[in-house]
Amino acid sequence: MKFRRKADQTSADSAVEPEATPTPESGPFDVSQVEGDEVHRVDLGSVLVPPMEGRELRLQVDEASGVVRAVILAGSDGALEFQAFAAPRNGDLWSTVRPQIAEDLVKRGGEATEREGRWGTELVCQMPVKRPDGTAATQPSRIIGINGERWMLRASLLGRPALDPDATSDWEDALAQIVVRRGAQAMPVGEPLPVNLPDDARKLG
């Protein structure tokens, strides 16, 4: 797996050597569940991502503010974009925000239907977009929400894993390996947990 820091139009690469990948069981995991397992992970603050063969880790960074706008695992047939949010203890934030996400998509001209997946109810979405040449297209996605220990991880699958969910379990396995670090600080429910650039990416700047 490679790590890529990606600005709005430019990018730079810093290789991360592949290592043994943990077997997906009940993840994504809270950081307390993996302490001492000696698995190397890229530390992005609120999320930790182990190297995965065939996946490239990309960060979209606002160069003016240095804020990470998106964390993405990219592969040859699709991509997985994810972010963690503060949630109440023992709460079900996903059930609260899922209809809000669907309503917003419909307001913007898209469609959203529910299906039952590996982590419960998820959204299958179709969103009208414009290609670079100005022609119209439709972008499919699957949006998955996973409730954790005072956090919720929201993930969007793009490309083939959105079109053929029953035949792309390897992408769900990738999602299952992500670790969330909530932190002890008080935060409003629904606020994104901060994502930090790793040290090797900071040196690229």
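Would you be able to say whether some residue in the stretch 84-101 is under 16 Å from GLU191 (Cβ atoms), under 13 Å from the mean Cα position of the chain (by Cα) and surrounded by 13 or more Cβ atoms within 10 Å (Cβ to Cβ)?
Yes; the residues of the stretch 84-101 include at least one that is under 16 Å from GLU191 (Cβ atoms), under 13 Å from the mean Cα position of the chain (by Cα) and surrounded by 13 or more Cβ atoms within 10 Å (Cβ to Cβ).
On the given criteria, is ASP92 of a type in the set (Asp, Glu) and touching a residue at least 40 places away in the same chain (Cβ under 8 Å)?
The answer is yes for ASP92.
Report yes if some residue within the stretch 149-157 is part of a helix (DSSP H, G or I) and touching a residue at least 60 places away in the same chain (Cβ under 8 Å); otherwise report no.
No, the stretch 149-157 contains no residue that is part of a helix (DSSP H, G or I) and touching a residue at least 60 places away in the same chain (Cβ under 8 Å).
Mind checking which residues of the stretch 112-124 are touching a Lys or Arg at 6+ places or on another chain (Cβ under 7 Å) and hydrophobic (A, V, I, L, M, F, W, C)?
Hits for the stretch 112-124 are LEU123, VAL124.
Within the stretch 14-29, can one find any residue that is among the β-branched types (Val, Ile, Thr) and at pLDDT 95 or above?
Checked the stretch 14-29: no residue is among the β-branched types (Val, Ile, Thr) and at pLDDT 95 or above.
Scanning for something touching a residue at least 60 places away in the same chain (Cβ under 8 Å), farther than 24 Å from SER26 by Cα and either surrounded by 11 or more Cβ atoms within 10 Å (Cβ to Cβ) or under 17 Å from the mean Cα position of the chain (by Cα) (or both), does the stretch 122-135 turn up at least one residue?
The initial filter retains those residues of the stretch 122-135 that are touching a residue at least 60 places away in the same chain (Cβ under 8 Å), namely none.
Looking through the stretch 122-135, none of the residues is touching a residue at least 60 places away in the same chain (Cβ under 8 Å), farther than 24 Å from SER26 by Cα and either surrounded by 11 or more Cβ atoms within 10 Å (Cβ to Cβ) or under 17 Å from the mean Cα position of the chain (by Cα) (or both).
Of the conditions (1) surrounded by fewer than 21 Cβ atoms within 10 Å (Cβ to Cβ); (2) part of a strand (DSSP E or B), VAL71 clears all except one; give me its number.
(1)
What number of residues within the stretch 54-68 satisfy the criterion of being assigned to a loop (DSSP other than H, G, I, E, B) and either of a type in the set (S, T, N, Q) or more than 25 Å from PRO140 (Cβ to Cβ) (or both)?
We begin by selecting, within the stretch 54-68, every residue assigned to a loop (DSSP other than H, G, I, E, B); these are 54-55, 62-67.
Retained after the next criterion (residues that are either of a type in the set (S, T, N, Q) or more than 25 Å from PRO140 (Cβ to Cβ) (or both)): 62-67.
Residues that pass the stated criteria total 6.
Only one residue in VAL124, VAL129, VAL97 is assigned to a helix (DSSP H, G or I) and touching a strand residue (DSSP E or B) at 6+ places or on another chain (Cβ under 8 Å). Which one? Spell out how you get there, then give the answer.
Working: VAL124 fails: assigned to a helix (DSSP H, G or I); VAL129 fails: assigned to a helix (DSSP H, G or I).
After ruling out the rest, the residue left standing is VAL97.
Just checking, how many residues over the stretch 138-155 are within 14 Å of the chain's Cα centre (by Cα) and surrounded by 19 or more Cβ atoms within 10 Å (Cβ to Cβ)?
Of the residues in that region, 11 qualify.
Residue by residue through the stretch 25-53, note down the ones that are aliphatic (A, V, I, L, M) and not in a loop (DSSP other than H, G, I, E, B).
VAL31, VAL42, VAL47, LEU48, VAL49
Taking GLY148, is it within 16 Å of VAL49 (Cβ to Cβ) and touching an Asp or Glu at 6+ places or on another chain (Cβ under 7 Å)?
Working: within 16 Å of VAL49 (Cβ to Cβ): yes; touching an Asp or Glu at 6+ places or on another chain (Cβ under 7 Å): yes.
Yes: the conditions hold for GLY148.
Contact list please: Cβ distance under 7 Å, first residue in the stretch 192-205 and part of a helix (DSSP H, G or I), second residue modelled with pLDDT under 50 and among the aliphatic types (A, V, I, L, M), pairs at least six apart or on different chains.
The qualifying pairs are LEU204/ALA12.
The values are calculated or read from the model by the stated rules, or taken from the named source; none is laboratory data. Everything numeric in this text was worked out from a predicted model, so none of it was measured. As a convention, Cβ positions derive from the backbone with ideal geometry for all residues, glycine included, and neighbour counts pool all protein chains shown.
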